[in-house]
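*Asks:* A single structure is presented below for examination.
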């Protein structure tokens, strides 16, 4: 069929009529089966730029989790549109090769087409079969991804955060939780207190401060693994200094490491290295427990005094780096979260592509009660998938876009041709800059190629 400026395609009766016009359509009105009208891309100063005019690919009909996948009916324009998103995916893939695992897709305002771009990019990345992709809809007030993929939106991100990360773990059946589940959920909730882990005659006490491990205490710690003994064996302190510090520690009830620092017997770097070694050994023994049972006692102040030099405690929050502790804790088992989270991810016709819809339960990623759990969830998803795409709300004063930009590994900004004034776009970028994000590039969207130089497509598409 010959294609003209105004073309009306009459598909099967069960489908709505699709019109290809020069006027661009707002994102929420985009049909799942759209037609693209010209696109090009090129990389300028490391920023991926793509232009496309139309709605999401016709491949977008998803199926609910576990349901049989419906056959995919392809229109002639689908392959053309796929090539546009494949071009964008090729540019983004260059960043993914540099250990970029999570990408936020946002825009200066509504109607820029960011959800369409997110969906198309996700499909293109997953279509190769080399990368597993998860798309998360974080736009609670105007969720769009479920419509683009033909999915239900009854259970999604809101339900996951509330049911898994807001639960009172102490009232649940203990056998379904591993030590790693306890630590991840306590971290998400920002709790402070003492986590007691027992297995037979083995007993561990973990000091938790705002969800983070600050010390590991083993009452039956071998004498040679106590802090004073480790510092003495490494010749960082003398026997006289150790005995004097222990006497002062018992009198003041302050952590031994803090006493040693206060007396000037050790440097911070030296103490940090020894504490890391001590905690690593304690966590190594935690990992080997066969049937650990946990109980948590919450305290208003997470400071628990050390006694007799037995507690492997960091005197200050940054003495044993958070990254070190979290990396060690990653080896602890998490059977509950591992089994529950996949149940919220929706299947799509592409085997390598999953979607987490926004859900129907209210939540606000601007509040710590949801921001912390979401941060933990994102960390987990980046371990489950090769790349995670976050469909963010537009940048605004009451938007979590800034928080998400600082949380993810990279940011793509979608700008609609002939859309918002350039001043507004610059203001949006300046607002995101406060989170010090890693900008990957700008996607120029919905540009009408018919009014441009016909050679522009080839120039843009083949430039290195």
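*Asks:* List the residue pairs whose Cβ atoms are under 7 Å apart, where the first residue sits in the range 281-300 and is more than 20 Å from residue 174 (Cα to Cα), the second is assigned to a loop (DSSP other than H, G, I, E, B), and the two are 6 or more positions apart or on different chains.
*Replies:* 282/218; 299/192
*Asks:* What helices (runs of 4 or more DSSP H) lie completely within the range 161-269 and have 1 or more residues being at pLDDT 90 or above and touching a strand residue (DSSP E or B) at 6+ places or on another chain (Cβ under 7 Å)? Give the derivation first.
*Replies:* On the way: elements: 179-189, 227-233, 239-252, 256-262.
In the range 161-269, the matching helices (runs of 4 or more DSSP H) lie at 179-189.
*Asks:* For the range 82-103, check the following and say yes or no: at least one residue is assigned by TED's automatic domain parsing to the domain that holds residue 387, in a loop (DSSP other than H, G, I, E, B), buried (at least 23 other Cβ atoms within 10 Å of the Cβ) and touching a helix residue (DSSP H, G or I) at 6+ places or on another chain (Cβ under 9 Å). Before the answer, list the steps.
*Replies:* First, pick out the residues of the range 82-103 that are assigned by TED's automatic domain parsing to the domain that holds residue 387: 82-103.
Within this subset, residues satisfying the condition of being in a loop (DSSP other than H, G, I, E, B) are 97-101.
With the extra rule that they be buried (at least 23 other Cβ atoms within 10 Å of the Cβ), the set shrinks to none.
No: zero hits.
*Asks:* Can you say whether residue 275 is in contact with a strand residue (DSSP E or B) (Cβ under 9 Å, 6 or more places away or on another chain) and over 30 Å from residue 166 (Cα atoms), as far as the supplied structure shows?
*Replies:* Details: in contact with a strand residue (DSSP E or B) (Cβ under 9 Å, 6 or more places away or on another chain): yes; over 30 Å from residue 166 (Cα atoms): yes.
For residue 275, the condition - in contact with a strand residue (DSSP E or B) (Cβ under 9 Å, 6 or more places away or on another chain) and over 30 Å from residue 166 (Cα atoms) - is met.
*Asks:* With the checklist (1) assigned to a helix (DSSP H, G or I); (2) within 27 Å of residue 184 (Cα to Cα); (3) at pLDDT 85 or above in hand, flag the one item residue 291 doesn't pass.
*Replies:* Failed condition: (1).
*Asks:* Another one. Could you list, in sequence order, the residues of the range 382-405 that are in contact with a helix residue (DSSP H, G or I) (Cβ under 9 Å, 6 or more places away or on another chain), over 20 Å from residue 366 (Cβ atoms) and either outside the structural domain of residue 97 (by TED's automatic domain parsing) or part of a helix (DSSP H, G or I) (or both)?
*Replies:* Across the range 382-405, the qualifying residue is only 384.
*Asks:* Has the range 299-321 got any residue that is modelled with pLDDT of 80 or more and in the same structural domain as residue 252 (by TED's automatic domain parsing)? Write out each step before concluding.
*Replies:* Going through the range 299-321, the residues modelled with pLDDT of 80 or more turn out to be 299.
Checking which are in the same structural domain as residue 252 (by TED's automatic domain parsing) leaves us with 299.
Checking the range 299-321: at least one residue is modelled with pLDDT of 80 or more and in the same structural domain as residue 252 (by TED's automatic domain parsing).
*Asks:* OK, next. Within the range 425-464, work out how many residues are part of a helix (DSSP H, G or I), in contact with a strand residue (DSSP E or B) (Cβ under 8 Å, 6 or more places away or on another chain) and at pLDDT 65 or above.
*Replies:* Here the count works out to 4.
*Asks:* Restricting to the range 406-422, give me the number of residues that are at pLDDT below 85 and assigned to a helix (DSSP H, G or I).
*Replies:* 1
*Asks:* For residue 122, are the conditions met, namely being buried (at least 24 other Cβ atoms within 10 Å of the Cβ) and either under 23 Å from residue 402 (Cβ atoms) or out of contact with any helix residue (DSSP H, G or I) (no Cβ under 7 Å at 6 or more places or on another chain) (or both)?
*Replies:* Details: buried (at least 24 other Cβ atoms within 10 Å of the Cβ): yes; either under 23 Å from residue 402 (Cβ atoms) or out of contact with any helix residue (DSSP H, G or I) (no Cβ under 7 Å at 6 or more places or on another chain) (or both): yes.
When the stated conditions are applied, residue 122 passes them.
The values are calculated or read from the model by the stated rules, or taken from the named source; none is laboratory data. Predicted model only: the values in this text are computed from it and were never measured. Neighbour counts run over all protein chains shown; Cβ positions are idealised from the backbone, glycine included.
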